[in-house]
Amino acid sequence: MLPALLSAVGVATDWVLLLSLTVLRTNPRRTLRRVREAFGARARAVARASAELLAAGPRHHARLRRRLHARQLRLSEAALMIEGWSAEPGALPAGWSGPALRRRLLRRISRSTPRPRRPRRWPRTYRVTLPGATPGPPARYP
């Protein structure tokens with residue numbers, strides 16, 4: 001009984017080793033590239049959901065807010081996957097690091113998102129008068 005059991009364990013070990021070296025082998029660089037593509041797609045989905053929320057009437061706000069939250073969670077998951085795969089040896093090109101990849105992704109996303117228009121000029125002073133208080137000098141904000 002013991003020799004048959006040991007031979008079965010040996011055959012199973014050989015199969016697992018063969019599968020892990022051929023069929024189930026992962027390429028960290030290719031996997032990281034695919035996760036980065038998924039991150040970009042999920043970032044675009046967050047932008048679309050945000051635009052839908054801004055354009056919708058108040059009747060649909062709750063449903064669209066939940067959709068936006070779900071899309072933001074998916075984006076966070078993709079970011080965590082990028083963090084994990086960037087730590088794998090061979091995933092990043094020579095001379096790259098995880099923080100450099102993170103900066104590059106954030107820079108790319110910040111360039112692709114539309115920026116709101118700035119007002120022409122902000123007031124330099126802002127006076128607050130509370131009921132029953134005597135007005136004082138205006139507060140200065142830089």
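The values are calculated or read from the model by the stated rules, or taken from the named source; none is laboratory data. None of these values were measured; they are calculated from a predicted model. FYI the Cβ positions are ideal-geometry reconstructions off the backbone, even for glycines, and counts take in every protein chain you see. Protein only, heavy atoms only, side chains kept; ligands, DNA and RNA dropped before computing areas. Shrake-Rupley method; radii C 1.70, N 1.55, O 1.52, S 1.80 Å.
For segment 86-99, the criterion of being assigned to a helix (DSSP H, G or I) and either of a type in the set (A, V, I, L, M) or loosely packed, with under 14 Cβ neighbours inside 10 Å (or both) is satisfied by at least one residue. Check whether at least one residue in segment 1-22 is assigned to a helix (DSSP H, G or I), out of contact with any Cys (no Cβ under 9 Å at 6 or more places or on another chain), under 28 Å from Arg108 (Cα atoms) and open to solvent by 60 Å² or more (accessible area, probe 1.4 Å), and report yes or no. The answer is no, given that none of the residues of segment 1-22 is assigned to a helix (DSSP H, G or I), out of contact with any Cys (no Cβ under 9 Å at 6 or more places or on another chain), under 28 Å from Arg108 (Cα atoms) and open to solvent by 60 Å² or more (accessible area, probe 1.4 Å). Flag: Leu80 matches the condition of being at pLDDT 80 or above and within 30 Å of Thr26 (Cα to Cα). Exactly one residue out of Tyr141, Tyr126 is more than 13 Å from the chain's Cα centre (by Cα), surrounded by 10 or more Cβ atoms within 10 Å (Cβ to Cβ) and either at pLDDT below 60 or of a type in the set (Ser, Thr, Tyr) (or both), and it is Tyr126. Selection of segment 27-41 for residues being free of Cβ contacts under 8 Å to residues at least 60 places away in the same chain and surrounded by 19 or more Cβ atoms within 10 Å (Cβ to Cβ) yields only Val35.
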